[in-house]
Amino acid sequence: MRVVIADDEVLLRDGLDRLLTEAGFDVVGKAGTAGELRRDVELARPDVAIIDIKMPPTHTDEGLVAAREIRASHPDVAVLILSHYLESHYAMRLLEQHPGRAGYLLKERVSGVRTPDMTAR
């Protein structure tokens with residue numbers, strides 16, 4: 001599965017990249033801004049984009065706006081909003097407009113990370 005990661009925090013972007021790569025995913029783009037995210041999706045055509053809500057330059061809802069635009073212009077690309085912010089209106093705005101292939105997950109609700117043992121048979 002081809003993945004693009006968009007988050008303004010480089011540590012989170014690189015950490016997700018490593019975890020996903022170790023789990024067998026193909027990370028085809030990493031973006032720090034909504035503009036970079038749009039470009040990466042257009043060029044790489046991922047299966048899914050993992051997107052933070054608040055991104056530069058205003059750190060309000062640039063990621064969410066980009067997610068809605070991606071769902072409208074690339075309906076085959078799923079989006080997962082991964083955020084620190086528990087505000088249901090963020091999720092509802094995306095899910096109401098694009099109910100399929102979209103999700104919302106709070107970063108602090110991830111209770112563990114497990115990667116498969118690639119050496120086990």
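Note that region 1-47 presents 53 Å² accessible area per residue, ligands and nucleic acids not counted, probe 1.4 Å. Name all residues of region 7-48 having a backbone nitrogen under 19 Å from the label point set 7 Å from the Cα of residue 69 along its Cα→Cβ direction, giving them as ranges. Inside the label zone: 7-9, 29-48.
Of the peptides 39-46, 22-29, 76-83, 62-69, the ranking by mean beta-carbon count within 10 Å, highest at the top, reads 62-69, 76-83, 39-46, 22-29.
Alpha carbon centre of region 1-17 versus region 29-79: separation in Å? About 12 Å separates the Cα centre of region 1-17 from the one of region 29-79. Between the listed residues 24, 59, 37, the Cα displaced farthest toward the positive end of the dipole of region 16-79, a dipole computed from Cβ unit charges relative to the Cα centre, is found at 59.
The values are calculated or read from the model by the stated rules, or taken from the named source; none is laboratory data. Quantities reported herein were computed from a predicted structural model and do not represent experimental measurements. A quick note on method: Cβ atoms are made from the backbone with ideal geometry, for glycine too, and the neighbour counts reach across all protein chains shown. The protein model used for the area step is the full one, side chains on, heavy atoms only, and it has no ligands, DNA or RNA in it. Shrake-Rupley method; radii C 1.70, N 1.55, O 1.52, S 1.80 Å.
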